[in-house]
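Enquirer: Please see the structure below; I have some questions.
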Amino acid sequence: MTQFLKLLFRNRLAGFGAVVLSVILLLVLLTPILPLQNPDTTATADRFLKPFTPGHPLGTDHLGRDLLSRLLWGTRLSLAVGISAALIAATIGSAIGIVAGYFGGRTDNVIMRGVDMLMAFPYILLALAIVAALGPGLMNALIAVAAVNVPFFARNIRGVTVSLAGREFIDAARLAGMGHARIILTELLPNVLPVIVIAMSTTVGWMILETAGLSFLGLGSQPPQADLGSMLGEARSALITHPHTSVVPGLMIFLIVMSINLLGDGVRDALDPRLRSGALSRPRATTLVERQGEIPPASDDLLAIQDLHTQFHVGKRIYRAVGGVSLAVKPGECLGVIGESGSGKSVTALSVMGLVASPPGVITGGAVRFQGEDLVGAPYETLRQKRGDRVAYIFQDPLSTLHPLYRVGEQLAEAIQSHHKISSKDARTRAIALLKDVRIPNAESRIDNYPHEMSGGMRQRVGIAMALANEPDVIIADEPTTALDVTVQAQILSLLDDLRRDRGLAIVFITHDFGVVAQLCDRVAVMYAGRIVEEGPTGAVLDAPAHPYTKRLIACVPELGGGRRELAAIPGLPPVVDDLPPGCAFAPRCDKARDDCRAGDIPLDGTAPRAVRCLYAEEAV
Ligand code: ADP
Ligand code: MG
C-alpha cells in the first residue's frame, strides 16, 4: 500500500489530482456541519448578487439563493450519484464479464450478444430513452447512467477473464476439486480486481459528467434540489447577463472531472504490474555509470573486464551484484564463468555492453576494455555500434529473445542490416548461409518459419546464428544450453567449439554446470556472491580445486558409471547481496572456515594463471 502511494505520488499530475479531489471530498463531507445558508431559501430581493457580496461569498442565483451553499450541496449530490453509478455499473458489468469469460461457449455468446445490442445505441441516447421511460428524477438518472456503462465493464472484464480462464492456475484449481463459484471468487476475482479498479477510476469522471448532463436537461435532479447539472441548466438563461451563475458550477465540474481523470491515470500506472517493477521511469539506453576510484590501466587482451562493480540501487538498499570482477579473453579462447544462480554472472555479462537496466542498475567502478577502448561510460552510439556487431550475446531462453511475430529469416536479416548497409536479398542469402553454419537442416525453407514452429534446440541455433550474423570478435553466451536436453546441448557445444577454432572467436561462456565447462572451456572463473573466488586453466581447476566452494561445486556433478554415491549438495543458501558478511562470503557455508575468514577483505591470490580467494586454500596454488 505504501509502495502504491509512493508510486502514485511520483507521478506529479496524479498527486495534484489526488490533492484537488481530496479537498473537494473533504468540503462536501463537511457540508452538513459548515455554517451555510439553506440552499433552497429564495430571496427575490437578492437576485443575481455578484460574488464576494457580504453574506454570499459566491453571490446568488436567479431566485436569490446562496450559490456557495447550493454549490457544495450540489457537488455532494453529483459526486454521490456519479460514484454510486460507477460502483453499480462496475459490479454488474464485471459480474457479467466474469461469468461470460469463465463459462465461455454458449453462455458467453448469449450474454455478449446482449451486451453488443446495448452497445449498438449511442449511450447518451440510450440514457435519455431509459430516463424517458422511467420518468425524470435523480434516482432514474442514476439507473440510466449505470445501465449504459454496464457494457463497457462487461466487455473489458470478459476479455481479461478469457485470457485468465485458460491459464494453468485455473486448471490446477479445477484439479483440486474447487467448484465454479469458489474458483471465480478466490482465483479469478483477485486477478481481475486491479482491472476493475482501473476501469472504474478512468470512467467515474465520465459518469459524473453524464449525470450532470441529464440534470442539465431537466431529467435528473428536480427543483429545488441542486446538483451541478441542474445548477448549470438553471443558469443557462442568464449566461450572458450574469455569467457567474454558470461559471461557479461549471468550474466545479471541470475541477472534479480533471482531478478524477488525472488520479485515474495515476492509479492505472501504479497498479500496472509491468510499470510497477520498472518504477514508472523509462529505462536508459545504457547502464548508468557513477564511477568512483581509479580507472584501471589499459590491457592488451581482446576483452578485459577490470575490477568491475555493478550495483542495484533500490530505494535505500544497495545490492552489490558484482563486487570487483576481473576477467579477460584472447581471440580464439573460451573462458567459462561458473557459479550458483544469483552469483552475479548475468549482471557481469550485461555490464560489458551497458545492458543492465538502469534504474536500478549502476556501474560504480572498474572498466571494460574492448581492444583497449574503455566501454564503461562510453557514449550510447559507441556501444550501439558494438552491440551485436563486435560483441554479441546468446541468451538462455531463445523463445523469449526471438520476436514471436516475425519469421526467423527476417529477424536474422534485421540483425545484419542494423549494422551493415546491404540489400534485403543479400541479407536473406547471408541468413540462409548462417542457418547452414549452425547446422539447421533445410535452411532454405526453415528461414521462413516463425519461432514457435521450431523446437527449442533449433531456436537456440537461430540465437547463435544471430549472434554470429556480423562475425563478432567476442560472443558472450549466458547459459545458452540450460533449457536444452543433453543431446542437443552436446551439438550446440561442439558447434560453438568449431566456430571459435575456425573463426578465432573469443567466447565467454556462462554456466552453472562444470560438465559443460570441462567440454568447452580453456580457462574457468568461479563466481560467488559477485566476486571471483577461483580461476585457472580448466584442467588444473578440475583436477585440483583450491577453493572449498569450487570443490563442493565439482562434487555436485554426478558421475556416470561411478556407482551410487551420495551427491554432495552444498548446505545453506547463497548470501543476499545487499547484506554481505565481512570477510569471505562463503564462510557461513564452509566447513573449513575459521575466525579470520570472517573479518577483513580476502584477496584473490596465486601465481598466474591460477588464483584463489581463500585463506586456507588447498595446496595446488
Ligand atoms: P546469475 O549468476 O544467476 O546470472 P545474476 O547476475 O542474474 O545471477 O544476479 C546477481 C544478483 O543480482 C542476484 O543476487 C540478484 O538478486 C541481483 N539482481 C539482479 N537483478 C536485480 C534487480 N533488478 N534488482 C535488484 N537485484 C538484482
Ligand atoms: Mg543468469
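Enquirer: Estimate the FRET efficiency between I318 and T382 by the formula 1/(1 + (r/R0)^6), using the beta-carbon distance for r and 30 Å for R0, to the nearest 0.05.
Expert: Between I318 and T382 the formula returns 0.60.
Enquirer: Would you please calculate the Kirkwood hydrodynamic radius of the chain over all C-alpha pairs and express it in Å, rounded to one decimal? Write down the numbers at each step before the final one.
Expert: Working: mean 1/r = 0.0333 Å⁻¹.
By the Kirkwood definition, the hydrodynamic radius is 30.0 Å.
Enquirer: Carbon and sulfur atoms: what percent of the 1.4 Å accessible area of the chain do they account for? Don't skip to the answer; put the middle values down first.
Expert: Details: 18330 of 30160 Å².
That fraction is 61 percent.
Enquirer: List the pairs from K345/K425; K386/K436; K330/K386 whose alpha-carbon separation is above 29 Å, in the order I gave them.
Expert: Numbers: K345/K425 39 Å; K386/K436 25 Å; K330/K386 17 Å.
Those over the limit are K345/K425.
Enquirer: OK, next. In percent, how large is the relative contact order of the chain, given Cα pairs closer than 8 Å and 6 or more residues apart? Before the final figure, lay out the partial values.
Expert: Numbers: 1069 pairs, mean separation 71.0, N = 621.
Contact order relative to length: 11 percent.
Enquirer: A further question follows. Taking every Cα atom in the range 391-471, find the radius of gyration and the maximum pairwise distance Dmax, and write them in Å.
Expert: Cα-based Rg and Dmax for the range 391-471 come out at 11.2, 31 Å.
Enquirer: Among 203-212, 540-549, 243-252, what's the highest-first ranking by average C-beta atoms within 10 angstrom per residue?
Expert: Values: 203-212: 24.7, 540-549: 21.1, 243-252: 19.1.
Top of the packing list down: 203-212, 540-549, 243-252.
Enquirer: Can I ask one more? What are the ³J(HN,Hα) values, in whole Hz, obtained from phi via the Karplus relation 6.51 cos²θ - 1.76 cosθ + 1.60 with θ = phi - 60°, for each residue of the range 319-331 in sequence order, with x given for Gly and Pro?
Expert: 8, 8, 5, 10, x, x, 10, 10, 9, 8, 10, 9, x
Enquirer: Grab the beta carbon distance between E373 and R501, set R0 = 30 Å, and tell me the FRET efficiency rounded to 0.05. Working shown, then result.
Expert: Numbers: r = 26 Å, r/R0 = 0.88.
Here the calculated transfer efficiency is 0.70.
Enquirer: Another one. Sum -39500 (n - 2.57) across every DSSP H segment of at least 4 residues in the chain, then divide by the residue count to get the 222 nm mean residue ellipticity, nearest 500.
Expert: So the calculated ellipticity at 222 nm is -15000 deg cm²/dmol.
Enquirer: When ranked by the protection proxy of mean other Cβ atoms within 10 Å per residue, highest first, what sequence do the peptides 359-372, 43-56 form? List each step's numbers first, then the result.
Expert: Details: 359-372: 20.2, 43-56: 13.1.
So the order, starting with the most tightly packed, is 359-372, 43-56.
Enquirer: A further question follows. Using each residue's phi in the range 100-115, evaluate 6.51 cos²θ - 1.76 cosθ + 1.60 at θ = phi - 60° and report the 3J(HN,Hα) Karplus result to the nearest Hz, with x for Gly and Pro.
Expert: 3J(HN,Hα) across the range 100-115, in whole Hz: 4, x, 6, 7, x, x, 5, 3, 4, 4, 4, 4, 5, 5, x, 4.
Enquirer: For a quick check of your reading of the filter: which trypsin sites (Lys or Arg not before Pro) in the range 392-433 sit in a DSSP loop and have no more than 11 other Cβ atoms within 10 Å? Mind showing how you got there, number by number?
Expert: On the way: sites: R407, K421, K425, R428, R430; in loops: R407, K421.
Sparse-neighbourhood loop trypsin sites (Lys or Arg not before Pro): K421.
Enquirer: Also: Determine the relative contact order of the range 473-621: mean sequence separation of Cα pairs under 8 Å and six or more apart, normalised by residue count, in whole percent.
Expert: Numbers: 188 pairs, mean separation 30.8, N = 149.
Across the range 473-621, relative contact order equals 21 percent.
Enquirer: Show S358, S445 ordered by accessible area, largest first, where the area counts protein heavy atoms only and the probe is 1.4 Å. Don't skip to the answer; put the middle values down first.
Expert: Details: S358 0, S445 70 Å².
Per-residue accessible area, sorted high to low, gives S445, S358.
Enquirer: Rounded to the nearest 10 Å², what accessible area does Y102 show when all protein chains are kept and the probe is 1.4 Å?
Expert: Its heavy atoms expose roughly 20 Å² to the probe.
Enquirer: Hey, another quick one. Residue farthest toward the positive end of the dipole of the chain, with Cβ of Lys/Arg at +1 and Asp/Glu at -1: which of I183, Q306, A18?
Expert: So the residue furthest toward the plus end is A18.
Enquirer: Also: Between L185 and D543, what FRET efficiency follows from the Cβ-Cβ distance if R0 is 51 Å, with the result rounded to 0.05? All intermediate terms of the calculation are to be shown ahead of the outcome.
Expert: Numbers: r = 61 Å, r/R0 = 1.19.
Calculated value: 0.25.
Enquirer: While we're here: Provide the net charge surrounding Q491, with neighbours chosen by a C-beta distance below 14 Å and charges set as Lys +1, Arg +1, Asp -1, Glu -1. Working shown, then result.
Expert: Values: positive: R439, R459, R461; negative: D437, D485, D497, D498.
Within the 14 Å Cβ shell, the charges total -1.
Enquirer: Which far-off residues, 5 or more places away or on another chain, put their amide H under 5 Å from the one on A328, with H placed in the peptide plane?
Expert: Result for A328 returns I305.
The values are calculated or read from the model by the stated rules, or taken from the named source; none is laboratory data. Note that the structure is a prediction, hence the values are computed from the model and not measured. Counting neighbours? That spans all protein chains shown, and the Cβs are built from the backbone with ideal geometry, glycine included. Quick note on the areas: whole protein, heavy atoms, side chains included, nothing else; ligands and nucleic acids left out. Shrake-Rupley method; radii C 1.70, N 1.55, O 1.52, S 1.80 Å.
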